[in-house]
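Written out below as structure tokens is the structure these notes cover.
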Amino acid sequence: MDKLNSKVVKYFYTTMVRIRKFEETINEYFLKGEIPGFVHLYIGEEAIGTGVCANLLDTDFITSTHRGHGHTIAKGAKVKYMMAEIFGKKTGYCKGKGGSMHIADFSVGMLGANGVVGGGYTLATGAALASKLQNKDNVSVCFFSDGASNRGTFHEAINMAAAWKLPAIFVCENNQWASTTPYRTTTAIENIADRAIGYGIPGVIVDGNDVFEVYKEAEKAVDRARSGGGPTLIEAKTYRIKGHFVGDPEMYRTKEEVKKVMEENDPIVRFKEKATEKGLMTEKEMQEIDKKIEKEISEALKFASESPSPEPEELYQDLYV
Amino acid sequence: MREITFSEATLEAMKEEMERDEKIFIMGEDIARQGGIFGQFRGLPQLFGTERVRDTPITETAIVGAGVGAAMAGMRPVVDMHFADFLGVAMDEVFNQMAKIRYMFGGQTTMPLVLRAPDGIIRSAAAQHSQSIEAWFLHIPGLKVVIPSNPADAKGLLKSAIRDDNPVLYFEHKALFPMKGEVPEGEHLVPIGKADVVKEGTDLTIVSYSLMMNRVKEAGKILEGKGIKAELIDLRTISPLDKETVFESLAKTKKLMIVHEAVKTGGVGAEIAAMAAEEMLDYLDAPIKRLGAPFVPVPFSPALEKFVKIQTDDIVQAAEELCR
């Protein structure tokens, strides 16, 4: 932590708060009926995307999931275009063709959220292969969760990336829930990271609600990948605070269970405590960031609501080149 | 013009394209060390090395998915499926990723990816190594599907597919690999989406592609001897379908027959017949005739396999009935 510069520390806080406020706003407007489709929230897991992406450059790639807002923001996408996309507007990242589950921003190496659970592994592996073939030193990170870790694509892609020593990093966000089914009822082993041995690559477990810890482990994995050492499997232990989707009645768990995690293990609160204790940021600095983000989100909301919907003639656009 | 085999024609296309653009690479099972199970990649690793001509694990899902990822990251991958039947293993990567990524992301990326899929019946390969599944992909917006019937088109369509910024499925019938024919040297491009009127005629239109196109040509000669002038159309591309060429012919001949090796039910012929019924009914002088395999998996025993294959005589007979 001593090596951390203030820019990175500020990035941690700004990014986590940006994700939290963005998603709270999405939650509110979805419940008001103003957002079409399905929305899956990342609240409570902000430290993972943030800690990992703090190690990445715009030229590095990530693949994301249906729960992808956090990764997208952490990789550097702009919230106003994300908001417009989620509202189905033509000013959105995907001109209203994608929605919450399919946001991409290729300009910052964000190769797309994915509506298919476990759909990202092979794509990240291919992007890493492209880097290798082009003799570039950029890396590819695949975010996925414990639910996706039981897909066959997990095995096929990690094996391929390991066999070819590709610059890929596989980040499992073990949030304890595969949609509505608890982790331990679908998976026999305690740790997803233990599977790394089967591929001959390092597997590490990290506290996914501690952004400093995530950052530190991701840094090692990114360095290793960049220098030709091949993939790493990182398992970040966390907890999904919100339902599988907004509107999920959550029959499968108690409100108390969720409340307890939020009270004891909120990654933003934990950051504040650590940052204050170590003198990395002041309360005042954090408040200024809070204000900046509030403004940014409300401007994004305004941009999204005032933006036009796609025109009928756009239906066939971008189907073929 | 010099004659080379279908297989050599595809190899020539690969060589020329890989020399032209270093972003092109090829990966698949048994292609580098073995040169492909049909020998269609022989010599490529010696020319371009085993990084660009890459043996993969037996993981069709990861092979296609990695092709998609590499295409998004600036490469132009060609992926060999070993057998077209194994596309089923990678179907999510084909229809949810490769076909949709450009549209879903509002045109932020292109998808210059070619899947080469050897298909069709050969030497009692049985139910899981003999299928013609091209019609599945006709149903998926975002894909292009090409399916050559001869060595010259094999070269020209493969080169066009590799240069296309859209995802292209390239079906190559296994029985065509040894077929010899005239193939232009050097730059020879066959446009995707354009059918070929192989032989002009006035009495009926026979539409086909791939191996069956060769049977149709044989049938055309026999029919000519019997006084029936058939117009023969080689589709070459089945997505997008060249409706215009088919309709133009139909306006002249007023009779339509479609021939393919794939199962007749829900096949390419069904789509062409439906299009003709929707838009050209007034021109038709006879019911539309479709020839395709019966609704059954391809059986192993040669004694049974022969019943799912369309023969030249079947085409002649059906054409005669149509013109009666």
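The values are calculated or read from the model by the stated rules, or taken from the named source; none is laboratory data. These numbers come from a predicted model, not from an experiment. Cβ placement follows ideal geometry from the backbone for every residue including glycine, while neighbour counts extend to all protein chains displayed. Calculation scope for accessible area: heavy atoms of the full protein, side chains included, ligands and nucleic acids excluded. Shrake-Rupley method; radii C 1.70, N 1.55, O 1.52, S 1.80 Å.
How many residues are in a loop (DSSP other than H, G, I, E, B) and basic (Lys, Arg) when one looks only at segment B:39-63? Walk me through it before giving the result.
As a first pass, look at segment B:39-63 and keep what is in a loop (DSSP other than H, G, I, E, B): B:39-43, B:56-59.
Imposing the further condition that a residue be basic (Lys, Arg) reduces the set to B:42.
Final tally of qualifying residues: 1.
Could you list, in sequence order, the residues of segment B:174-195 that are buried (at least 20 other Cβ atoms within 10 Å of the Cβ), touching a strand residue (DSSP E or B) at 6+ places or on another chain (Cβ under 6 Å) and not in a loop (DSSP other than H, G, I, E, B)?
Answer for segment B:174-195, where residues must be buried (at least 20 other Cβ atoms within 10 Å of the Cβ), touching a strand residue (DSSP E or B) at 6+ places or on another chain (Cβ under 6 Å) and not in a loop (DSSP other than H, G, I, E, B): just B:174.
Looking at (1) outside any helix (DSSP H, G or I); (2) free of Cβ contacts under 8 Å to residues at least 60 places away in the same chain; (3) at the interface with chain B (Cβ under 9 Å from one of its Cβ atoms), find the lone condition where residue A:58 falls short.
Here residue A:58 meets the rest and fails (3).
Kindly establish whether residue B:107 is at pLDDT 95 or above, at the interface with chain A (Cβ under 8 Å from one of its Cβ atoms) and open to solvent by 10 Å² or more (accessible area, probe 1.4 Å). Spell out the reasoning first.
Numbers: at pLDDT 95 or above: yes; at the interface with chain A (Cβ under 8 Å from one of its Cβ atoms): yes; open to solvent by 10 Å² or more (accessible area, probe 1.4 Å): yes.
Yes; evaluated as a whole, the condition is true for this residue.
Please verify whether residue B:38 is open to solvent by 20 Å² or more (accessible area, probe 1.4 Å), touching a Phe, Trp or Tyr at 6+ places or on another chain (Cβ under 6 Å) and within 23 Å of residue B:160 (Cβ to Cβ), treating the condition exactly as stated.
Values: open to solvent by 20 Å² or more (accessible area, probe 1.4 Å): yes; touching a Phe, Trp or Tyr at 6+ places or on another chain (Cβ under 6 Å): yes; within 23 Å of residue B:160 (Cβ to Cβ): yes.
Yes, satisfied.
Restricting attention to segment A:103-120, which residues are open to solvent by less than 30 Å² (accessible area, probe 1.4 Å) and within 7 Å of chain B (Cβ to nearest Cβ)? Lay out the reasoning, then the answer.
From segment A:103-120, those open to solvent by less than 30 Å² (accessible area, probe 1.4 Å) are A:103-105, A:108-114, A:118-120; that's our starting set.
Those that are open to solvent by less than 30 Å² (accessible area, probe 1.4 Å) and within 7 Å of chain B (Cβ to nearest Cβ): A:104, A:111, A:112, A:119.
A quick yes/no check of all residues on (1) assigned to a helix (DSSP H, G or I); (2) away from chain B (no Cβ under 14 Å); (3) touching a helix residue (DSSP H, G or I) at 6+ places or on another chain (Cβ under 8 Å):
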{"position": "A:28", "(1), (2), (3)": "yes, yes, no"}
{"position": "A:38", "(1), (2), (3)": "no, yes, yes"}
{"position": "A:49", "(1), (2), (3)": "yes, yes, yes"}
{"position": "A:72", "(1), (2), (3)": "yes, no, yes"}
{"position": "A:82", "(1), (2), (3)": "yes, no, yes"}
{"position": "A:88", "(1), (2), (3)": "no, no, no"}
{"position": "A:96", "(1), (2), (3)": "no, no, yes"}
{"position": "A:101", "(1), (2), (3)": "yes, no, no"}
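So, in segment A:197-206, of the ones that are among the small types (Gly, Ala, Ser) and more than 21 Å from the chain's Cα centre (by Cα), which residue ends up farthest from residue A:232 (Cα to Cα)?
So in segment A:197-206, the residues among the small types (Gly, Ala, Ser) come out as A:198, A:200, A:203.
Cutting the leftovers down to more than 21 Å from the chain's Cα centre (by Cα) gives us A:198, A:200.
On the way: A:198: 12, A:200: 10 Å.
Of everything passing the filter in segment A:197-206, A:198 is farthest from residue A:232 (Cα to Cα).
As an exercise: evaluate residue A:276 against (1) hydroxyl-bearing (Ser, Thr, Tyr); (2) closer than 30 Å to residue A:202 by Cβ; (3) open to solvent by 70 Å² or more (accessible area, probe 1.4 Å) and give the number of the one condition it does not meet.
(2)
Does residue B:31 qualify as being without any contact (Cβ under 8 Å) to a residue 60 or more places away in the chain and either crowded, with 24+ Cβ neighbours inside 10 Å or within 7 Å of chain A (Cβ to nearest Cβ) (or both)?
Working: without any contact (Cβ under 8 Å) to a residue 60 or more places away in the chain: yes; either crowded, with 24+ Cβ neighbours inside 10 Å or within 7 Å of chain A (Cβ to nearest Cβ) (or both): yes.
For residue B:31, the condition - without any contact (Cβ under 8 Å) to a residue 60 or more places away in the chain and either crowded, with 24+ Cβ neighbours inside 10 Å or within 7 Å of chain A (Cβ to nearest Cβ) (or both) - is met.
Pairs only if they're at least six apart or on different chains, beta carbon under 7 angstrom, first in segment A:32-51 and closer than 18 Å to residue A:11 by Cα, second polar (S, T, N, Q) and assigned to a loop (DSSP other than H, G, I, E, B); list them, first residue then second.
A:44/A:238; A:45/A:175; A:45/A:238; A:47/A:209; A:48/A:238
Between A:173, A:217, A:213, A:235, which is over 29 Å from residue B:56 (Cα atoms) and open to solvent by less than 50 Å² (accessible area, probe 1.4 Å)? Please lay out each step first, then the result.
Working: A:173 fails: over 29 Å from residue B:56 (Cα atoms); A:213 fails: open to solvent by less than 50 Å² (accessible area, probe 1.4 Å); A:235 fails: over 29 Å from residue B:56 (Cα atoms).
None of the others qualify; the one that does is A:217.
Do any residues in segment A:126-151 that are away from chain B (no Cβ under 13 Å) have Cβ atoms under 6 Å from those of residues that are in a loop (DSSP other than H, G, I, E, B) and open to solvent by less than 10 Å² (accessible area, probe 1.4 Å), where the two are at least six apart or on different chains, and which pairs are they?
A:143/A:64; A:145/A:175
Return the residues of segment B:287-315 that are farther than 24 Å from residue B:238 by Cβ, open to solvent by less than 90 Å² (accessible area, probe 1.4 Å) and of a type in the set (A, V, I, L, M); say none if nothing qualifies.
Within segment B:287-315, just B:303 meets the criteria.
Scan the helices (runs of 4 or more DSSP H) fully inside segment B:94-170 and keep the ones with 3 or more residues being touching a strand residue (DSSP E or B) at 6+ places or on another chain (Cβ under 8 Å). Quick ask: steps written out before the conclusion?
Numbers: elements: B:101-104, B:134-138, B:151-163.
In segment B:94-170, the matching helices (runs of 4 or more DSSP H) lie at B:134-138, B:151-163.
Taking residue A:78, is it within 12 Å of another protein chain (Cβ to nearest Cβ), in contact with a helix residue (DSSP H, G or I) (Cβ under 9 Å, 6 or more places away or on another chain) and open to solvent by 10 Å² or more (accessible area, probe 1.4 Å)?
Details: within 12 Å of another protein chain (Cβ to nearest Cβ): no; in contact with a helix residue (DSSP H, G or I) (Cβ under 9 Å, 6 or more places away or on another chain): yes; open to solvent by 10 Å² or more (accessible area, probe 1.4 Å): yes.
In short, no.
Among the helices (runs of 4 or more DSSP H) contained in segment B:201-297, which hold 2 or more residues that are without any contact (Cβ under 8 Å) to a residue 12 or more places away in the chain and of a type in the set (Gly, Ala, Ser)?
Details: elements: B:210-225, B:243-253, B:268-279.
Where helices (runs of 4 or more DSSP H) fall fully within segment B:201-297 and carry at least 2 residues being without any contact (Cβ under 8 Å) to a residue 12 or more places away in the chain and of a type in the set (Gly, Ala, Ser), they are B:268-279.
Any idea which of B:175, B:154 is of a type in the set (Gly, Ala, Ser) and under 29 Å from residue B:225 (Cβ atoms)?
B:175
Considering each residue of segment B:142-165, count those that are more than 18 Å from residue B:4 (Cα to Cα) and out of contact with any helix residue (DSSP H, G or I) (no Cβ under 7 Å at 6 or more places or on another chain), and give that number. Walk me through how you get there before you give the answer.
Step one: of segment B:142-165, the residues more than 18 Å from residue B:4 (Cα to Cα) are B:142-147, B:160-165.
Of the ones still in play, those that are also out of contact with any helix residue (DSSP H, G or I) (no Cβ under 7 Å at 6 or more places or on another chain) are B:144, B:160-161, B:163-165.
Counting residues in segment B:142-165 that are more than 18 Å from residue B:4 (Cα to Cα) and out of contact with any helix residue (DSSP H, G or I) (no Cβ under 7 Å at 6 or more places or on another chain) gives 6.
How about segment A:51-75: which of its residues are out of contact with any strand residue (DSSP E or B) (no Cβ under 6 Å at 6 or more places or on another chain), under 18 Å from residue A:138 (Cα atoms) and not small (Gly, Ala, Ser)?
A:53, A:55, A:56, A:57, A:58, A:59, A:60
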